Structures are given as C-alpha cells and as structure tokens.
Amino acid sequence: MRFAAFALASACVLSLACAPAFSQDKSQGPTNEKAQKTYKNAQELLHERMPAAALDEFKKADKQDGNHCKACQKQMVKYGVELGEWKDAELGAQEMIADAQGDTNIALAHYQLALVLMNEAQLKHKDEIYAHAHDEAGKAIAAAPNFPDAALLDGKALAQMHQDAAAKARFEQYVKMRPGDDPRTQRALRYVNDPELARARMAPPFAVTTLDGQRISMDDLQGKVVLLDFWATWCGPCREALPHVRELAKKFQGQPLVILSVSLDSNDQKWKEFVAANGMTWPQYRDGGFTSPISKMFNVTAIPHTFTIDADGVLQDERIGDASIEGKLKKLVAHAREMPPPTPAAPTSTATSVSPESK
C-alpha cells in the first residue's frame, strides 16, 4: 500500500496543484545567461524523467540568477515535495516570500510554504512542523484576510496540534467564504462538528454526477462504507476483476455500502456501451484519464485500483490489482450498521470572499 504517496494528494489543502496560482509573469524565468542554460538543461532532464537531477539544476539556475528565478523556485517546491527533499522545497518557498511584493503575492508565497510544511508534517508527524505551517498560514491570512484556502489549511494544522477551538474557528471562517455546495465546504462543516476528523486520514472531498444522473458527494455518504473502483475498458486486468466487483455489488445490495466505479476512459460512447453490455448497474462515473481530477486527487497511477473508505469517510484500505476485500467490507458494513445516524452539519451563512488570485 502507498499511504505515504496518498497523504500528499489526500486533500486539496495538501496538494500543491490545488494552490491558487501565482500571477503569470513573462519574466518569471531566469534572466542571467548562465542561469537560462542551466534552466533549459533542467527542463531537458525532466523530459528524460530524471526529476532528482532536474531539481539540482533548478537550484543551480536559481542561485546563478541571484535567487530571483520564480520559475526555478516553483520547480524547487514541486519536485522538492515529490522527492521528499524538504529543504529544497522550503528554500524555494522562502525565496518566493523574499521576492513577493503586494499583499496578494505575499499571501500566496506564505501559503505555498505552509503547504510544503503540511506535506512534510504529514509524513514526519512532528508538532513543530505543524506549528511552523500554522505560522505561515497565519501570515498568509494576515496579508489577505479573505483567503479561504489558507483558513482551511490553518484549521487542519491547528487540529493536528489539538487546538480544537482555534481549528473550529478557522473551519467556520472557511465556510463563510465558500459556496455551500462546494465539496470542501461540506468537509469543513464536518470538521466544525468533529475536529477529530481533521486529524484522520480522510478520503479527499469530491462530488460527481454519475452516468444515471445521480449526484454523489463523499461527505453526503457519511454513515455508509464506500468502495472506489478505478478502472478502464482498455485495461485487461480491470476486465478480469469486473466479475468480482459485480459480485460485491450484488452481495451488498441494500446494505450501507456504495460502490462507485470511476472510469479512466477517454471515449465516452465506448465507456457507456461497455457499462451497458456488462450489466454494471452500480454507480458509474467517467473521469477521463490518470491526469483527470478524481484520479489526481487519489494519486491513481495504475489500475485496477480500489480505495475502501469507512462510514466516517476515513481511508481504511488501498489496493492495486484484483484483491480480495470482501472480508474487510463486511467488517466495515457491520460497524456502519451500529453507528447512530449522522448528524447533519449545521448550516453556516456564506459570504462572498475576495480570493487573492482575483485581486
């Protein structure tokens, strides 16, 4: 199982890809001639799938450019996190902070560093790193008070430090700045009711509309066990595993279990025809590929790939290939039956937020 990799993509709040984008600037690349050559070499190394070597070159290019190469710094953050080179990732983010001008860019730079620190803290489980992430998120909010992503991240950092009252306040702040039907708003409302969930390895919040028009939201499914099944019609092992998934859907029909099959097919018609021809009557959704939103959210890089999520929304199991999971599902379903009905999240009034990226 790849829980370490999953932790990096487990929620938008921990994903660098979900961070508000820095404003695009044609001058972000290095201006120094030597740095430009080094930066180009780094890009070629990435093309050759040598990220570790590329990271070294991005660092070198940034240094040659007087530590002012924004493009270099972004790559230092990205590949520093992916490779677990935390000092490099933090250095890139710190240099972004040093060069940031204006409240928006200052807020975004501190948020970027907070994201790096949260990723590091999730793997190292060190309170001092969570505390540092909290400090950086606080600086981001101080520079841009209507910054919902920073409020959500800070709430998670505070929850990890067991400062539940302060964490709850941050989650409530986030909810006021986000639309009520946003999946992350649903998740934040659950954190308000139960900060303990903010410390758990929760499945990422998402919402999809299935092939039959049903809207399925991860947090609407609290009280039910969820089996996410990533597959594709072109995947031989997936076709071999299909009878097993079909049998599970039949055995658990009428029980507190939802099976959601997420297809990585790019051809919509071929997917629909396959689903109909193979009697796939449980909820079906087409994500479209490994780089599509739900697949990226769960860090899916191989299929068939299943995630088993308990009635609280906590990830319990992750498998690649056709694995026997019926016993695990039975135990989780039995526990779900014993749970009291979920308490609806208390509605919180929403207000239009001024997002830093829109300033």
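The values are calculated or read from the model by the stated rules, or taken from the named source; none is laboratory data. Since the model is a prediction, treat every value here as computed from it, not as a measurement. Ideal geometry is used to build each Cβ from the backbone, glycine not excepted, and the neighbour counts take in all protein chains shown. Ligands, DNA and RNA are stripped out before the accessible areas are found, and what is left, the full protein with its side chains, is counted by its heavy atoms. Shrake-Rupley method; radii C 1.70, N 1.55, O 1.52, S 1.80 Å.
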Enumeration of residues in the range 189-215 that are touching a residue at least 40 places away in the same chain (Cβ under 8 Å), open to solvent by 60 Å² or more (accessible area, probe 1.4 Å) and not polar (S, T, N, Q): 201, 211, 212
Failed criterion for residue 295 (all others in (1) in a strand (DSSP E or B); (2) touching a residue at least 60 places away in the same chain (Cβ under 8 Å) hold): (1)
Selection within the range 105-125 - open to solvent by 60 Å² or more (accessible area, probe 1.4 Å) and in contact with a helix residue (DSSP H, G or I) (Cβ under 8 Å, 6 or more places away or on another chain): 123
Complete set of residues in the range 243-268 that are of a type in the set (A, V, I, L, M, F, W, C) and either at pLDDT below 95 or closer than 22 Å to residue 336 by Cβ (or both): 245, 248, 249, 252, 257, 258, 259, 260, 262
Selection within the range 235-261 - open to solvent by 30 Å² or more (accessible area, probe 1.4 Å) and in a strand (DSSP E or B): none
Complete set of residues in the range 126-169 that are open to solvent by 40 Å² or more (accessible area, probe 1.4 Å) and touching a Ser or Thr at 6+ places or on another chain (Cβ under 6 Å): 146
Selection count, the range 170-183, where residues are open to solvent by less than 50 Å² (accessible area, probe 1.4 Å) and either part of a helix (DSSP H, G or I) or in contact (Cβ under 8 Å) with a residue 24 or more places away in the chain (or both): 5
Residue 322 of a type in the set (Asp, Glu), without any contact (Cβ under 8 Å) to a residue 40 or more places away in the chain and over 28 Å from residue 341 (Cα atoms): no
Unique residue being within 18 Å of residue 158 (Cβ to Cβ), out of contact with any Phe, Trp or Tyr (no Cβ under 8 Å at 6 or more places or on another chain) and of a type in the set (Gly, Ala, Ser) when the list is 98, 114: 114
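Within the group 131, 150, which residue is among the hydrophobic types (A, V, I, L, M, F, W, C) and under 18 Å from the mean Cα position of the chain (by Cα)?
150
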Those residues of the range 305-359 which are part of a loop (DSSP other than H, G, I, E, B) and either closer than 23 Å to residue 230 by Cα or modelled with pLDDT of 90 or more (or both), in sequence order: 310, 311, 312, 313, 321, 322, 323, 324, 325
Filtered residues of the range 76-98 (kept if open to solvent by less than 40 Å² (accessible area, probe 1.4 Å), closer than 19 Å to residue 45 by Cβ, of a type outside the set (Ser, Thr, Tyr) and in contact with a helix residue (DSSP H, G or I) (Cβ under 7 Å, 6 or more places away or on another chain)): 76, 77, 80, 81, 88, 89, 92
Test: residue 222 is of a type in the set (S, T, N, Q), surrounded by 18 or more Cβ atoms within 10 Å (Cβ to Cβ) and modelled with pLDDT under 95: yes
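For the range 151-209, what are the residues that are among the hydrophobic types (A, V, I, L, M, F, W, C) and more than 27 Å from residue 292 (Cα to Cα)?
Once the filter is applied, which keeps residues that are among the hydrophobic types (A, V, I, L, M, F, W, C) and more than 27 Å from residue 292 (Cα to Cα), the range 151-209 yields 157, 158, 159, 161, 165, 166, 167, 169, 171, 192.
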Selection status of residue 186, within 30 Å of residue 338 (Cα to Cα), in contact with a helix residue (DSSP H, G or I) (Cβ under 7 Å, 6 or more places away or on another chain) and open to solvent by 20 Å² or more (accessible area, probe 1.4 Å): yes
Answer from 93, 61, 100, 71 - the residue that is touching a Cys at 6+ places or on another chain (Cβ under 8 Å) and among the aliphatic types (A, V, I, L, M): 61
The range 263-286 - residue that is free of Cβ contacts under 8 Å to residues at least 40 places away in the same chain and open to solvent by less than 40 Å² (accessible area, probe 1.4 Å) and, of those, farthest from the chain's Cα centre (by Cα): 279
